[in-house]
Amino acid sequence: RRVLFRSVCSDAGVCTLARISTGPPHAIAVDATSVYWVASFGSSPGGVMKEPLGGGPVTILASHQGGEGLAIDDTFVYWSGGGTDGRAVMKVAKAGGDPVAIATAESGPLGIAVNGSAIYWTNFGDSTGSGRAVRTAPLAGGEPSTLVADTYGPGAIALDATHVYWSD
């Protein structure tokens, strides 16, 4: 089943927000007006999608993009595992446009989080385990850097005002 659900829909309980004709969503995020997700199209990269919370047409913000993690801020949608080879950290404007690579040639980018000044992600590594790390890049642009190298196998990531948290 490829469906996005929303809890409590009047007195009907759970209601369907979107029936997805692409592959299953790998990650979702929500703001005050829309729900965003990264979907695959079978075995090929899919896209970054958006739909109004009240229902309506699905907008493809970035096509031919895979993804594992998703984060949003006021202006952009960010995802990990994008690009043509699934090794990039990407962004696209919430209104749509051309996707922009923040980091390329990453080693299995998974979890992703963003705050007002930087983006953070985890790299699960390649098939040998090489490249496992927690990485960051400034939102204003600039080279990515490694916060923690040689982790066991990082996945999920979260932020608060002063710290970065990740599963390993």
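No value in this document is a laboratory result; all are computed from the given coordinates. Only a predicted model underlies this, so the values are computations on that prediction, with no experimental measurement involved. Neighbour counts are summed over all protein chains in view; Cβ atoms, including those assigned to glycine, are modelled from backbone coordinates with ideal geometry.
Using modelled amide H (1.01 Å from N, peptide plane; none on Pro or chain starts), what sits under 5 Å from the amide H of Ala62, excluding residues fewer than 5 places away?
Long-range HN contacts for Ala62: Val48.
Which one of Gly83, Ala140, Leu110 is farthest out on the positive end of the charge dipole of region 33-168, using unit charges on Cβ (Lys, Arg +1; Asp, Glu -1) and the Cα centre as origin?
Most positive-ward Cα: Gly83.
Mind pulling the per residue volume of the convex hull built on the Cα atoms of region 112-168? Å³ is fine.
Convex hull volume per residue, Cα atoms: 71 Å³.
How many times 2.2 N^0.38 Å is the alpha carbon radius of gyration of region 70-114?
Ratio of Cα Rg to 2.2 N^0.38 Å: 1.06.
Please state the relative contact order of region 23-162 as a whole percent: Cα pairs under 8 Å, 6+ residues apart?
For region 23-162, the relative contact order is 14 percent.
By average Cβ neighbour count within 10 Å, what is the ranking of 106-116, 29-39 from highest down?
Going by the mean number of other Cβ atoms within 10 Å, highest first, we get 106-116, 29-39.
Report Rg(Cα)/(2.2 N^0.38 Å) for region 52-168, keeping two decimals.
Rg over 2.2 N^0.38 Å, computed on Cα atoms: 1.04.
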